Amino acid sequence: TLARVIAETLHGQLLQEPENNPFLKAFYEGEQGAGFQAQFAFLIERYEQLKALDHGPQSHKTIVADYIFEKDKLFACLNLGDAELSVYNRYYELFREEVPTPDLVIYLQATPDVLKKRLRKKNAPGEKALNEDYLDEVIKAYEHFFFHYTASDLLVVNTSEIDFVERSEDLQQLLRRLSEPIRGTQYFL
């Protein structure tokens with residue numbers, strides 16, 4: 001939702017997370033090998049989306065994505081065994097060299113309880129089956145990743161007390177913050 005609003009505000013192109021992964025249902029149901037299939041399908045889809053962008057030095061187009069390419073590897077590390085991860089990493093490294101690095105990344109952070117509440121509210125079909133231990137591992141992986149993230153400027157937004165969807169004033173405050181320069185890692189609380 002936030003990516004869509006930012007894209008509209010900046011008159012930019014919105015790039016959304018791929019949702020048509022044919023292996024995701026099997027993964028959520030715990031089928032053998034489905035994790036590798038789902039992860040590889042996401043990797044290829046994200047690569048194709050990002051590779052197709054007009055993002056060269058001459059482009060003045062604003063692109064707002066609701067994911068970063070590195071997100072895929074976070075989930076691969078959580079969902080794949082060693083042999084699968086070894087194969088996955090070979091392709092990930094090849095693809096990573098060919099996709100653009102964002103100018104700015106916005107990391108929406110929240111407490112586990114808030115995230116779980118939002119997942120229930122979102123009510124996405126496959127996500128209903130996520131167990132809390134897995135969700136806790138995903139949260140830890142994101143926190144670790146963004147603690148060490150240096151590939152581009154980063155704005156960490158703690159959304160535990162902020163609701164961009166329900167409270168317009170929260171959204172307006174963030175949009176004002178985005179109109180100011182962001183260098184390195186900064187926080188929006």
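The values are calculated or read from the model by the stated rules, or taken from the named source; none is laboratory data. Quick caveat, the model's predicted, so the values are computed rather than measured. FYI the Cβ positions are ideal-geometry reconstructions off the backbone, even for glycines, and counts take in every protein chain you see. Accessible surface areas use protein heavy atoms only, side chains included; no ligands, DNA or RNA. Shrake-Rupley method; radii C 1.70, N 1.55, O 1.52, S 1.80 Å.
Just the number please: accessible area per residue for the stretch 75-189, 1.4 Å probe, all protein chains included, in Å². Each step should come with its number before you reach the end.
On the way: 7410 Å² over 115 residues.
In whole numbers, the stretch 75-189 has 64 Å² accessible per residue.
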Which pairs break 19 Å Cα to Cα here: 73/121; 73/140; 51/71; 51/73; 117/140? 73/121
Work from the charge dipole of the chain (Cβ charges, +1 for Lys and Arg, -1 for Asp and Glu, about the Cα centre) and give the residue of 146, 63, 43 farthest towards its positive end. 63
Treat every Asp and Glu Cβ in the stretch 3-84 as -1 and every Lys and Arg Cβ as +1, leave all other atoms uncharged, and give the resulting dipole magnitude about the Cα centre to the nearest 20 debye. 260 debye
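Can you pull the percent of the stretch 1-121's accessible area that's carbon plus sulfur, 1.4 Å probe, other chains left in place?
Looking at the stretch 1-121 in its full context, I get 52 percent from C and S.
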Residue 61 accessible area, assembled protein chains, probe 1.4 Å, Å²: 110 Å²
Given only helices, namely DSSP H runs of n ≥ 4 each adding -39500 (n - 2.57), what is the per-residue ellipticity at 222 nm of the chain, to the nearest 500 deg cm²/dmol? -15500 deg cm²/dmol
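Using the crude model of +1 on Lys and Arg Cβ and -1 on Asp and Glu Cβ, and no other charge, please compute the dipole size for the chain relative to its Cα centre, in debye to 20.
340 debye
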